[in-house]
Amino acid sequence: MALLSLSPPGWGANLLIGLLKSIEIAAGAFGLGLLIGICGAYGKLYGGPVVRDLFEVYTTVVRAVPELVLILLLYYAGTDLVNQLLALFGHAPVDINGLVAGIGVLGVVQGAYSTEVLRGAILAIPQGQIEAARAYGMPPRLLLRRITLPAMLPYAIPGLANLWLIATKDTALLAIVGFSELTQTTRLAAGATKAYLTFFVAAGILYLALTLVSNFFIARIERRARRGMPSLKDAH
């Protein structure tokens, strides 16, 4: 990084700013995807036929189409659709904020995978817990908040941890639409200085550092969520 800081115009600081933007997008997309995933998993398991079919189509399409194609489609077609709707109601077109668009696009992608992760986690819950809550007359929303979500967390964390790491790397795909996250900033820095090896290795180290820090916190969260449960060593 010392070499990068000496390179005009301060590309080392720019890479760190790009990393922060990548983290910001990843966190927003992961949160949005988690919200979609909760609704999707609950809809696929307990919704009516129409709701189940709609979520089935959503998860199938998103998981089947390459993420780069989805990003291009949602980014450009989504922006055009919003402006067409605004024009229909007599409003002027708007330029959608790149950060909001990036979070929205990746959030839709994350949501499809979160739906399946959370659906599997809900199915892993001992059904006696849910049946007991229903027998006491617990309403569906309270059942979801008090029983289902806490009980499924230990089963969901490994899959959600993978989705978080995927989200941090998927932010690099937004470089194709010109958003200035870490990969785009690295490409600009390398092109301006011709120090391609230096900058791309530096970007790789930053992504690796983000992964290692994430793994540290994920492991702590997983240990806390599995308190009172048999350890994997005991299971074997």
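Coordinate-derived values only; no laboratory data. Just so it is clear, the model here is predicted, and its values are computed rather than measured. Reconstructed Cβ throughout: ideal geometry from the backbone, glycine too, with neighbour counts over all protein chains shown.
Listed values, structure above:
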{"read-out": "C-alpha long axis of helix 98-124 to longest principal axis of the chain, angle in °", "value": "30 degrees"}
{"read-out": "Non-local Lys pairs in the chain, i.e. 8 or more apart or on different chains, that have alpha carbons under 29 Å apart", "value": "4"}
{"read-out": "Å³ per residue enclosed by the Cα convex hull of region 2-230", "value": "156 Å³"}
{"read-out": "Given charges at beta-carbon only (K, R positive; D, E negative), |dipole| of region 125-236 in Debye", "value": "320 debye"}
{"read-out": "Two-site label geometry, Val57 and Tyr76: point separation in nm, points 7 Å out along Cα→Cβ", "value": "2.4 nm"}
